[in-house]
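No lab work stands behind these numbers, since they all come straight from the coordinates. What you are looking at is a predicted structure, and each value in this text was computed from that prediction instead of being measured. Here the Cβ positions follow ideal geometry from the backbone for every residue, glycine too, while neighbour counts run over all protein chains shown.
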Amino acid sequence: MTTWITDENGNRASIEYWGSKEKAREALATLDSLEALAAVKAGEHDVKIDPTDNSTRAERAFRAIWPAYDDADPKTAVRDVLADLRHLCDLMGWDMATIDREAHDAYQYDLLDADGTARNETLQGRISALGG
């Protein structure tokens, strides 16, 4: 049976999902709406990329990895994805170092094209609420 906590806006958080009553309350306090998190958990990855806003790229990446790697905190999930990508490169005979350099070049281009690093306090808060 699921035990729910409800905030003044009608949003609810499961104590079992968050691991404790305190963490569920923190999630409710941090999130504007649990609908965005539900979309992530449901695997909805339809983030429209805005070339002038790198936070849209960050959100697309997070939505792509979080459903598959939600057994850890978000930072650990990123580490695990990077490790698994190395395994994929080994399997396929691809040079991970070359791909990583090309990715860094693309990242640098995105920084110039979008005038800086990703900034989105709402998204950052949602990810932080998950333990990041």
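In sequence order, the stretch 111-117 has phi-based couplings of 4, 5, 5, 9, 6, x, 6 Hz under the Karplus curve 6.51 cos²θ - 1.76 cosθ + 1.60, θ = phi - 60°, and Gly or Pro positions carry x. Among Trp18, Trp94, Trp66, the largest mean-square fluctuation in a Gaussian network model of the chain (Cα springs under 10 Å) belongs to Trp94.
Each Cα pair under 8 Å and six or more residues apart adds its separation to the average, and for the chain the resulting relative contact order is 26 percent.
Annotation for Glu8 and Ala103: the two label points, set 7 Å from Cα along the Cα-Cβ direction, are 4.3 nm apart. Just to be sure I follow the rule: in the chain, considering lysines 8 or more places apart or on different chains, how many pairs have Cα atoms under 22 Å apart? Lysine pairs meeting the criterion: 4. Positive end of the dipole of the chain (Cβ unit charges, origin at the Cα centre): among Gln124, Cys89, Ala24, the Cα lying farthest that way belongs to Ala24.
Taking θ as phi - 60° and the Karplus parameters 6.51, -1.76 and 1.60, the scalar couplings of the stretch 78-93 work out to 4, 4, 5, 4, 4, 5, 5, 5, 5, 4, 4, 5, 4, 4, 8, x Hz in sequence order, x denoting glycine and proline.
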